[in-house]
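Some notes on the structure that comes next.
The values are calculated or read from the model by the stated rules, or taken from the named source; none is laboratory data. These numbers come from a predicted model, not from an experiment. Every residue, glycine as well, gets a Cβ built from its backbone with ideal geometry; the counts of neighbours run over all protein chains shown.
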Amino acid sequence: MPHTASRFLAEGPRVGVRHFTRADGEEFTARARESKDLHHPWLFPPDSAEAYAGYADRLIEDPARAGFLVCRKDDGAIAGFININNIVHGAFRCGALGYGVFAHAAGQGLMREALGLVVGHAFGPMQLHRLEINVQPGNTASIALARSCGFRLEGFSPAMLFVDGAWRDHERWALIAGRPACD
């Protein structure tokens, strides 16, 4: 079902971002199943109704998370997602980004546009000061997206996250409020 621009938290020329809803499960999981080859071995979004329900509930109910669907403006179709996890307020005001594009929308620049919108929302209404992206060194598409949006490489963490059955090394990228992003 197409979503009108009034439902977007932020919008650019081609995409709008909005929060996840429980009703998005059918479309989201279908896109996730279609995109398994694109996502493996980096990412494993929920691809069943049961898995999506738990995932959406965490994003909707946990104040330490914020989930955003990336939707094409022309037809409202879900093109991808961007989540801010491990949100800490107080003196830190930081969150860790995770994201994925679906296969039907890959390579079109939609995620770059959407990431700029989410960064603006995070540094604006959410009042965060810092965003981090932890990415496996071989995930060149994700690194290119982070770099293109102004994130800077801050370091390397060996065996940082358990992904696809093993502890994986990650590069740490960060962006601070007030610095140029996704120009």
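In the set (1) free of Cβ contacts under 8 Å to residues at least 40 places away in the same chain; (2) among the charged types (D, E, K, R); (3) within 25 Å of Glu27 (Cα to Cα), the condition left unmet by Arg93 is number (3). In the range 12-32, the residues that are among the aliphatic types (A, V, I, L, M) form Cβ pairs under 8 Å with partners that are surrounded by fewer than 21 Cβ atoms within 10 Å (Cβ to Cβ) and part of a strand (DSSP E or B), at six or more places apart or across chains, as follows: Val15/Arg72; Val17/Ala10; Val17/Glu11.
Among the residues making up the range 135-175, those that are among the hydrophobic types (A, V, I, L, M, F, W, C), under 17 Å from Arg112 (Cα atoms) and not in a helix (DSSP H, G or I) are Val135, Cys149, Phe151, Trp173, Ala174, Leu175.
Scanning the range 64-88 for residues that are closer than 15 Å to Ala122 by Cβ, of a type outside the set (A, V, I, L, M, F, W, C) and either part of a strand (DSSP E or B) or modelled with pLDDT under 95 (or both) returns Gly67, Asn83, Asn85, Asn86. Residues that are under 11 Å from the mean Cα position of the chain (by Cα) and buried (at least 22 other Cβ atoms within 10 Å of the Cβ) were ranked within the range 101-116; the one that is nearest to Ala79 (Cα to Cα) is Val101.
Among the numbered conditions (1) more than 19 Å from Pro13 (Cα to Cα); (2) of a type outside the set (A, V, I, L, M, F, W, C); (3) modelled with pLDDT of 95 or more, the only one that Gly165 does not meet is (3).
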